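The values are calculated or read from the model by the stated rules, or taken from the named source; none is laboratory data. It should be emphasised that the depicted structure is a prediction, and the values quoted were computed from it without experimental measurement. With ideal geometry, Cβ positions are generated from the backbone for all residues, glycine too; neighbour counts draw on all protein chains shown. Quick note on the areas: whole protein, heavy atoms, side chains included, nothing else; ligands and nucleic acids left out. Shrake-Rupley method; radii C 1.70, N 1.55, O 1.52, S 1.80 Å.
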Amino acid sequence: MSGLPKIHALIPAAGRSVRFGGTTLKQYAHLVGVPVISHSIEAVSRHPAVQSVTVALAPDDGIFDELVKPHWPDIQTVHGGDSRARTVMNGLQAILDLDPACEWVLVHDAARPCLAQADLARLVEQGTADPRGAILAVPVRDTLKQADGQQHIERTVDRSTLWAAQTPQLFRIVDLATHLQAALDEGTVPTDEAAAMEQAGSHPRLVEGCSTNIKITGAGDLAMAEFSLQQQAVKQPG
């Protein structure tokens, strides 16, 4: 353990996205018997370098403490903000207040439950070896079309250098906190953590992940996620 980097995982979960009908938030939709967010927490907790986990919640979230916290009593929680960027910023500050010696932060989507252990290990290995940090991503394989304003094809886009970003995204925590706060102070709202680093002139590493590391956005994604988790369980040793 002494040779491992010191990583704190942060899971932003303050979003209000309701895609399942009624009032169900996607991070609390049930997947293989437990909320989606529980799988995401478990996934990032598997790596021995991840020493603790913080979840950033909406101020009026009354579900996490009831459904998730009993199974993860050591998890820290903090109130999120009005955007992902502000939610992450609140989480980063809470982590640094709690543990000023923390070196790295691993930010992972609450609704991305199918992170494979091998992909996380590869991200940690390559990301901590690069001072710019790294993110999981997959090369774009479909032919891409750029549309005009009336949904007609304007041109075909060269996909050879394009990647679809995923999470986790791994950075030195002080660097991410500094650059994300600078972006917010400038009035921009980065859509992911890598965008804040890019805005500061950094070029994080792309670590190839798997297409099965899907983000739950609708009810149809739950069946795919369930299949992926079942396949991962089959591959686990023992």
Discussion item. Where the second residue is of a type in the set (Lys, Arg) and open to solvent by less than 60 Å² (accessible area, probe 1.4 Å) and the first is touching a residue at least 60 places away in the same chain (Cβ under 8 Å) and lies in segment 214-235, which pairs have Cβ atoms under 6 Å and are six or more apart or on separate chains?
Written reply: LYS215/ARG112; ILE216/LYS26
Worksheet entry | Wholly enclosed helices (runs of 4 or more DSSP H) of segment 170-235 bearing at least 3 residues open to solvent by less than 40 Å² (accessible area, probe 1.4 Å) and within 30 Å of PRO100 (Cα to Cα) | 173-185, 193-199
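Please verify whether segment 140-157 includes one or more residues that are among the hydrophobic types (A, V, I, L, M, F, W, C), surrounded by 13 or more Cβ atoms within 10 Å (Cβ to Cβ) and under 17 Å from the mean Cα position of the chain (by Cα).
First, the residues of segment 140-157 that are among the hydrophobic types (A, V, I, L, M, F, W, C): 140, 144, 147, 153, 157.
Remaining after also requiring surrounded by 13 or more Cβ atoms within 10 Å (Cβ to Cβ): 140.
Narrowing further to those that are under 17 Å from the mean Cα position of the chain (by Cα): none.
No, segment 140-157 contains no residue that is among the hydrophobic types (A, V, I, L, M, F, W, C), surrounded by 13 or more Cβ atoms within 10 Å (Cβ to Cβ) and under 17 Å from the mean Cα position of the chain (by Cα).
Is it the case, given these coordinates, that ALA94 is modelled with pLDDT under 95 and among the small types (Gly, Ala, Ser)? Can you show your working first?
On the way: modelled with pLDDT under 95: no; among the small types (Gly, Ala, Ser): yes.
For ALA94, the condition - modelled with pLDDT under 95 and among the small types (Gly, Ala, Ser) - is not met.
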Fill in: In segment 45-90, residue surrounded by the fewest Cβ atoms within 10 Å (Cβ to Cβ) [restricted to those that are without any contact (Cβ under 8 Å) to a residue 12 or more places away in the chain and closer than 27 Å to GLN181 by Cα]
ASP60
Worksheet item: Which of (1) over 17 Å from ALA118 (Cβ atoms); (2) part of a loop (DSSP other than H, G, I, E, B) does ARG155 not meet, given it meets every other one?
Response: (2)
Worksheet, complete the sentence: The lone condition ILE41 fails out of (1) modelled with pLDDT of 95 or more; (2) open to solvent by 10 Å² or more (accessible area, probe 1.4 Å); (3) farther than 23 Å from ASP175 by Cβ is (2)
